[in-house]
Amino acid sequence: MEIQCECGKFRAELTQFPKNTPGRLKCYCDDCQAYLHYLKRDDLLDQNGGTEIIPAYPSDIKLIAGKEFIKCTRLSPKGMFRFSTTCCNTPILNTAPNRPWAGIHRRMYTVKDPHKLDNELGPVKSSVMGKYAKGTPPAGTPQTFDFKGMVTVMPFLLKGKLLGKSNPSPFFENGEAIVAPQILTKEERSKLTDLGHEKK
Ligand SMILES: [Zn+2]
Ligand SMILES: [Zn+2]
């Protein structure tokens with residue numbers, strides 16, 4: 001399975017798709033929303049501010065082209081490492097060093113075939129962090145994590161740990177991101193939250 005940015009300069013191969021993925025997940029959290037506001041890609045949020053990701057293991061990702069277009073952002077000094085492209089401003093994924101998790105953004109899968117995910121994986125499996133959603137999220141969306149979210153994600157993480165799927169990651173070398181992350185200040189981060197939310 002090949003994934004790519006919108007312009008096609010960045011491309012990567014998922015060597016174990018769809019075998020090694022827990023499926024389609026949707027996150028309504030304020031960090032995911034703030035990040036897309038930061039990229040000025042609100043167009044990729046759904047009507048409730050949701051971000052869809054389809055995780056893979058870092059060691060199942062092989063870069064094909066466009067390493068020079070990778071940008072890294074962290075919303076705080078302890079935040080996830082969020083990678084995007086500089087060529088066309090497409091979010092790639094969120095991850096962290098030595099973690100069996102690469103939360104690949106939906107857009108990377110759908111540039112060439114908008115129906116790819118529906119056809120290969122079916123509908124979204126689990127949604128989380130509904131308390132940050134804008135308006136009313138779909139019925140059944142939990143406020144934070146629920147049991148369904150846990151049973152979707154935990155086996156994937158455990159299997160990844162056991163099989164050592166955290167490394168090698170194309171996004172880290174010796175535990176450091178391959179491009180220096182831009183870390184947002186508290187002020188920059190809180191401005192993004194204000195943008196994304198009506199005060200409740
Ligand atoms: Zn691009
Ligand atoms: Zn999130």
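Let's test the formula: R0 of 41 Å, r as the Cβ-Cβ distance of LEU158 and GLU6. What FRET efficiency results, to the nearest 0.05? Write down the numbers at each step before the final one.
Working: r = 34 Å, r/R0 = 0.82.
With R0 = 41 Å, the Cβ-Cβ based efficiency is 0.75.
ASP46 versus GLN143, label points 7 Å from Cα toward the beta carbon: distance in nm?
About 2.1 nm separates the two model spin labels.
How large is ³J(HN,Hα), in whole Hz, for each residue of the range 51-59 in order, when computed from phi with the Karplus curve 6.51 cos²θ - 1.76 cosθ + 1.60 and θ = phi - 60°, using x for Gly and Pro?
Listing the rounded values in order: 10, 9, 10, 10, x, 9, 8, x, 6 Hz.
Report the extension gain between GLU188 and LYS67 in nm, rounded to one decimal, defined as 0.36 nm multiplied by the number of residues separating them, less their alpha carbon distance. Could you put the intermediate results ahead of the total?
Numbers: separation 121, 0.36 × 121 = 43.56 nm, distance 2.69 nm.
Residue separation times 0.36 nm, minus the Cα-Cα distance, leaves 40.9 nm.
What is the order of ASP46, ASP113, ASP60, fewest Cβ neighbours within 10 Å to most? Before the final figure, lay out the partial values.
Details: ASP46 16, ASP113 11, ASP60 21.
Fewest-to-most ranking of ASP46, ASP113, ASP60: ASP113, ASP46, ASP60.
So for the range 92-180, Kirkwood radius off the Cα pairs, Stokes-Einstein at 4 °C and 1.567 mPa s: how many µm² s⁻¹? Can you show the working numbers first?
Details: Rh = 15.4 Å.
D = 84 µm²/s.
In what sequence do CYS7, CYS32 fall when counting other Cβ within 10 Å, fewest first? Can you show the working numbers first?
On the way: CYS7 14, CYS32 28.
Least crowded to most crowded, the residues run CYS7, CYS32.
Between LYS78 and GLU120, what is the label-to-label distance in nm when each label sits 7 Å out along the Cα-to-Cβ direction?
It works out to 3.5 nm between the two label points.
What number in nm² do you get for the range 2-196 if you take the convex hull of its Cα atoms and divide its surface by four?
Numbers: hull surface 41.3 nm².
Reported value for the Cα convex hull: 10.3 nm².
Once every DSSP H run of n ≥ 4 in the chain is given -39500 (n - 2.57) and the sum is divided by its residues, what mean residue ellipticity at 222 nm do you get, rounded to the nearest 500 deg cm²/dmol? Don't skip to the answer; put the middle values down first.
Working: 5 runs with 46 residues, N = 200.
That calculation yields -6500 deg cm²/dmol at 222 nm.
Quick note: the coordinates plus some simple rules give every number you see, no bench work behind them. Note that this is a predicted model, so its numbers are computed, not measured. Quick reminder, even Gly has a Cβ in these numbers, built from the backbone with ideal geometry, and neighbours come from all protein chains shown.
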